[in-house]
Amino acid sequence: MSAAELLERHPLLSRMSLGQIERVAQAGELEQFAIGEEVVREGSLGDSLYLVLTGAVTVSKNQQTLAVLAPGEFFGEMSLIEPAPRSATVHASQPTFLFRLPSIALQKLLEDDPGAFNAVLIQIVRTLSDRLRRANEMITSVGHLADWLAGSLV
């Protein structure tokens, strides 16, 4: 199966035409990881977006699991804004195929096909909004638990 065939199934690219997906496929590369293999390390320079195509990856910080990402999810989106140190370490938790898209390739996509770039950007913003909503719910839950614990200690 070609990279384009795998990519056309990924939700991040769902609003793109087949021609646009093929252009993206040529701009990045398919990478394979074994169980436990490190994909990126916290503190290293982030210069690529990764799409999870098969398998799963674990995102951790200070050896604390933050998330497990499955096919259809992505990470490294902050590198689209600017190259900066990675905020977490990512390991393959299953045999995994990822598609690595360098930020330079996305900048070129913006120049060559602004509509395709906007489609990707909209999907990224939706995902980030969902992640923020879940984080806010978790913080609220912790606050309620703290209030309950404080009341029970009185």
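Structure values in brief
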| quantity | calculated |
| --- | --- |
| When residues of the range 5-23 are limited to those that are in contact (Cβ under 8 Å) with a residue 24 or more places away in the chain and buried (at least 18 other Cβ atoms within 10 Å of the Cβ), the one nearest to the chain's Cα centre (by Cα) | Leu12 |
| The range 100-124 - residue that is modelled with pLDDT of 85 or more and out of contact with any helix residue (DSSP H, G or I) (no Cβ under 9 Å at 6 or more places or on another chain) and, of those, nearest to Pro85 (Cα to Cα) | Arg100 |
| The range 5-23, subset part of a loop (DSSP other than H, G, I, E, B) and of a type in the set (D, E, K, R), residue nearest to Pro114 (Cα to Cα) | Arg15 |
| Answer from Ile81, Ile139, Ile124 - the residue that is within 27 Å of Ser17 (Cα to Cα), without any contact (Cβ under 8 Å) to a residue 40 or more places away in the chain and out of contact with any strand residue (DSSP E or B) (no Cβ under 6 Å at 6 or more places or on another chain) | Ile81 |
| Members of the range 75-87 found to be in a loop (DSSP other than H, G, I, E, B) and in contact with a Phe, Trp or Tyr (Cβ under 8 Å, 6 or more places away or on another chain), listed by number | Gly76 |
| Residue in the range 94-101 that is touching a Ser or Thr at 6+ places or on another chain (Cβ under 9 Å), of a type in the set (Phe, Trp, Tyr) and either part of a loop (DSSP other than H, G, I, E, B) or more than 20 Å from Ser17 (Cα to Cα) (or both) present | yes |
| Residue satisfying condition, being in contact with a Pro (Cβ under 7 Å, 6 or more places away or on another chain) and either in contact (Cβ under 8 Å) with a residue 40 or more places away in the chain or polar (S, T, N, Q) (or both), within set Gly36, Gly55 | Gly55 |
| Residue under evaluation Gly72, criteria (1) surrounded by fewer than 18 Cβ atoms within 10 Å (Cβ to Cβ); (2) in contact with a strand residue (DSSP E or B) (Cβ under 9 Å, 6 or more places away or on another chain); (3) part of a helix (DSSP H, G or I); (4) of a type outside the set (Lys, Arg), criterion not met | (3) |
| From the options Gln26, Gln32, residue that is part of a helix (DSSP H, G or I) and either at negative phi or over 14 Å from the mean Cα position of the chain (by Cα) (or both) | Gln26 |
| The range 44-69: number of residues that are farther than 22 Å from Leu132 by Cα, part of a loop (DSSP other than H, G, I, E, B) and more than 15 Å from the chain's Cα centre (by Cα) | 1 |
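The values are calculated or read from the model by the stated rules, or taken from the named source; none is laboratory data. Everything quoted here is computed from the prediction, not taken from an experiment. No Cβ is skipped: glycine too gets one built from the backbone with ideal geometry, and neighbour counts run over all protein chains shown.
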